[in-house]
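Engineer: Sharing a structure below in structure tokens format, with a few things to ask.
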Amino acid sequence: MRILVVEDEHKIANSIKKGLEQESMAVDVAYDGQTGLDYAMDGKFEVIVLDLMLPIIDGMQICKKLRENKIHTPIIILTAKGQLDDKIKGLNAGADDYLVKPFAFEELLARIRALARRPKENVGIVLKYGDINLDTNKKELKIKDKTVDLSKTEFALLEYFMRHLNMIFSKEQIIDHVWNFDANITENTVEAYVGALRRKKIPIKTIRGFGYKL
């Protein structure tokens, strides 16, 4: 799962990034509104965590601009403004959820997962495909009731495939959704991780000239 965090307080932003990466998520961080908007316009994120009080462009404007441009990525507003009127304004601007600072990381994580599941066909915590069961909460893979160990990146890649069953993805698309912008990843890296999953009996198919699908 790929997350965008737009937060100008570096300590908060980096803390969120670290926590989400420990949950096998790919996280990109923007410390000002313009950079955050530029990242978000790519539409390559499952969820955006967005502060309201940002330099250059504030979070409310970012919400409006994204929705005006038909970018429907779920947005969680993260802010110190907790008045009802502020919440209503944020939701009316296009946000999907609202979390007031200070907050518990566990609550933010739960809200991210809830929003990420919302538009998917498979809305359960456990993603299933044949004998494959991927528990996104426990970070556990079982094949025919046997637990199979995965690295964080293997887990993120498999989760991406299982949330988009039978869809074909190019190597470039996989890199965009599984790794951070600043990750030094090549197409050979994707091949290596696909090969690692295949060795663990995950039936990822190569569609010649197009990419991979589960």
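Engineer: What FRET efficiency comes out for the pair Met53/Ser15, r = Cβ-Cβ distance, R0 = 25 Å, nearest 0.05?
Structural biologist: 0.90
Engineer: Okay, moving on. Per residue of segment 56-73, in order, report the coupling 6.51 cos²θ - 1.76 cosθ + 1.60 (Karplus, θ = phi - 60°) as ³J(HN,Hα) in whole Hz, putting x for Gly and Pro.
Structural biologist: 6, 10, 7, x, 4, 5, 4, 3, 4, 5, 5, 5, 5, 9, 6, 8, 9, 4
Engineer: Can you give the FRET efficiency for Asp32 and Lys152, using 1/(1 + (r/R0)^6), R0 = 25 Å, r = Cβ-Cβ distance, to the nearest 0.05?
Structural biologist: 0.30
Engineer: Also, quick follow-up: Amide H of Met167: which non-local residues (sequence gap of 5 or more, or other chain) have their own amide H closer than 5 Å, using H built in the peptide plane?
Structural biologist: Those lying under 5 Å, H to H, from Met167 are Leu214.
Engineer: Would you please give the residues with an amide H less than 5 Å from that of Lys200, counting only those at least 5 places away or on a separate chain, with H modeled from the backbone geometry?
Structural biologist: Correct list: empty.
Engineer: Moving on to the next point. For Ala30, list long-range residues whose amide hydrogen, built 1.01 Å from N in the peptide plane, is under 5 Å from its own amide hydrogen.
Structural biologist: Val5, Val6, Glu7
Engineer: Here's something else I'd like to know. Count neighbours as other Cβ atoms within 10 Å of each site's Cβ, and list the trypsin sites (Lys or Arg not before Pro) in segment 1-91 that are DSSP loop with at most 14 such neighbours.
Structural biologist: Qualifying residues, ordered by number: Lys70.
Engineer: What list of ³J(HN,Hα) values in whole Hz, one per residue of segment 141-150 in order, does the Karplus curve 6.51 cos²θ - 1.76 cosθ + 1.60 (θ = phi - 60°) give from phi, with Gly and Pro shown as x?
Structural biologist: 10, 10, 10, 6, 6, 9, 6, 10, 6, 10
Coordinate-derived values only; no laboratory data. Since we're looking at a predicted model, the values are computed, not measured. As a convention, Cβ positions derive from the backbone with ideal geometry for all residues, glycine included, and neighbour counts pool all protein chains shown.
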